[in-house]
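The values are calculated or read from the model by the stated rules, or taken from the named source; none is laboratory data. What you see is a predicted model, and the numbers here were worked out from it, not measured in a lab. No Cβ is skipped: glycine too gets one built from the backbone with ideal geometry, and neighbour counts run over all protein chains shown. Areas reflect the complete protein model, heavy atoms only, side chains present, ligands, DNA and RNA absent. Shrake-Rupley method; radii C 1.70, N 1.55, O 1.52, S 1.80 Å.
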Amino acid sequence: MTTLKAESGSAHSAILGVGAYRPSRLVPNADVVDAIDSSDEWIQQRSGIKTRRFADESETVISMAVGAARKAVESAGIDIRQVDCVIVATVSHLLQTPSAATAIAHQLGTDQAAAFDISAACAGFCHGVALANDMVRGGSARYALVIGVEKLSDITDPTDRGTAFIFADGAGAVVVGPSETPGIGPVVWGSDGEHYDHIRTPDLSDLVASDQPHMPFLSMKGSEVFRWASFAMAKVAQQALDRAGVTVDELNCFVPHQANNRITDAMARAMKLPPSVKIARDIIDAGNTSAASVPMALDRMIEEGDARSGDIALLIAFGAGLSYAAQVVVLP
């Protein structure tokens, strides 16, 4: 009987580099309030958002991802040709096929890398980190590039009072590679399909048959999502800490999906995070960038000195599906 040869990779993996791309157009609340009959004060009270960034016509899902990826690769100190896999988390690449990842890999100069998109909405980046961790440790990749990227302005109705002020554009990326010590803890992930319709786009066949065709705009049951995330995700976050063998007192940084500042506050209270833990607040200036929000927030914390090399950070993201994923990481 023939026995297949098995491969094994590095004993451990870690995030080796981080990068982000922020579109040039800054959009304050004053620019969105008239269309939704709202106010700057109301938006800040509801979400914490003061400004967000929208991509212009020249800034695409692919170009923004390439921009973030190049910074992450440079930060990791490797050559792009060493990357064996490119994983792209996005819901706003408007082609059903082919994937954005293959075009991104080509523009980066790594045509031989495996490349694919994943659709786990706002939780996609943390899913990608989990996959990259397993790839590096399993031997199917030595270096994996994980990108979260969104151009949500393409699929957000500017007159929808529930979404117009929330969603924004941008990209973030990390390089995952071999490490002598554990740098990425066990993932805690899952889904709650009972709430499948809480965040969604319309069926494309309905749009095609419509007398008034339009973009597949996102819709969201904001109150329901807020209640679910505020309470259920604190338990997931604690499970990720427990599985990594880390206590809240040992944690340096908390980097949640930048969905809503009130959700972040509720999670921090439920977890009893001490004042010493730095909490990502990128949503204030960047809005909710879905799959891009965690790496963008992490990049800002590093850039502004709130996160340092060797710090222990808890990443958690949650979104449409409803899906979620969390892991503890050591920062590069």
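Rounded to the nearest 20, the Cβ-based charge dipole of segment 1-53 about its Cα centre (Lys and Arg +1, Asp and Glu -1) stands at 300 debye. Normalised by 2.2 N^0.38 Å, where N is the number of residues, the C-alpha radius of gyration of segment 159-312 stands at 1.19.
Ordering HIS195, ILE263, LEU207 by Cα displacement along the dipole of segment 180-264 toward the positive end leaves ILE263 in first place; charges were set at the Cβ atoms of Lys, Arg (+1) and Asp, Glu (-1). The Cα center of segment 267-286 and the Cα center of segment 157-184 differ in position by 16 Å. Label reach from LYS272 (point 7 Å along Cα→C-beta): in segment 207-243, amide nitrogens under 15 Å belong to 235, 238-239, 242.
So with the 1.4 Å probe, I'd like the accessible area per residue for segment 95-163, rounded to whole Å².
Working: 2740 Å² over 69 residues.
With the other protein chains kept in place, segment 95-163 gives 40 Å² per residue.
Here the accessible area is traced with a 1.4 Å probe on the protein chains. For the chain, carbon and sulfur cover 49 percent of it. Near ILE118, the amide H atoms lying under 5 Å from its own belong to VAL88, ALA89, THR90; only residues 5 or more places off or on other chains count, and H is placed 1.01 Å from N.
All distinct Cα pairs of segment 139-239 go into the 1/r average, and the inverse of that average, the Kirkwood radius, is 17.2 Å.
Would you calculate a helix-derived [θ] at 222 nm for the chain, using -39,500 (n - 2.57) for each DSSP H run of n ≥ 4 and dividing by the full residue count, to the nearest 500?
On the way: 9 runs with 103 residues, N = 332.
When only DSSP H runs of four or more count, the value is -9500 deg cm²/dmol.
If R₀ is 25 angstrom, what is the calculated FRET efficiency for the pair TRP42 and THR201, using the beta carbon separation as r and rounding to 0.05? Display every interim value, and only then the final one.
Details: r = 25 Å, r/R0 = 1.02.
After rounding to 0.05, the efficiency reads 0.45.
So what does log10 I(q)/I(0) come out to for the chain at q = 0.11, 0.16 Å⁻¹, using the Debye formula with one equal point on every Cα and no solvent? Computed log10 I(q)/I(0) values: -0.65, -1.39.
I need to check one value: relative contact order of the chain, counting alpha carbon pairs closer than 8 Å and at least 6 residues apart, in percent. List each step's numbers first, then the result.
Working: 842 pairs, mean separation 86.2, N = 332.
For the chain, the relative contact order is 26 percent.
Between the C-alpha center of segment 64-139 and that of segment 1-17 there is a gap of 19 Å. Working from label points 7 Å from Cα in the Cα-to-Cβ sense, the VAL246 to GLU180 distance is 2.1 nm. Think of the chain as having a plus end and a minus end, set by charges on the Cβ of Lys, Arg, Asp and Glu; of SER323, ASN288, LEU94, SER323 sits farthest toward the positive end of this dipole. Each Lys and Arg contributes +1 and each Asp and Glu -1, all at the Cβ; summed about the Cα centre of the chain, the dipole is approximately 820 debye.
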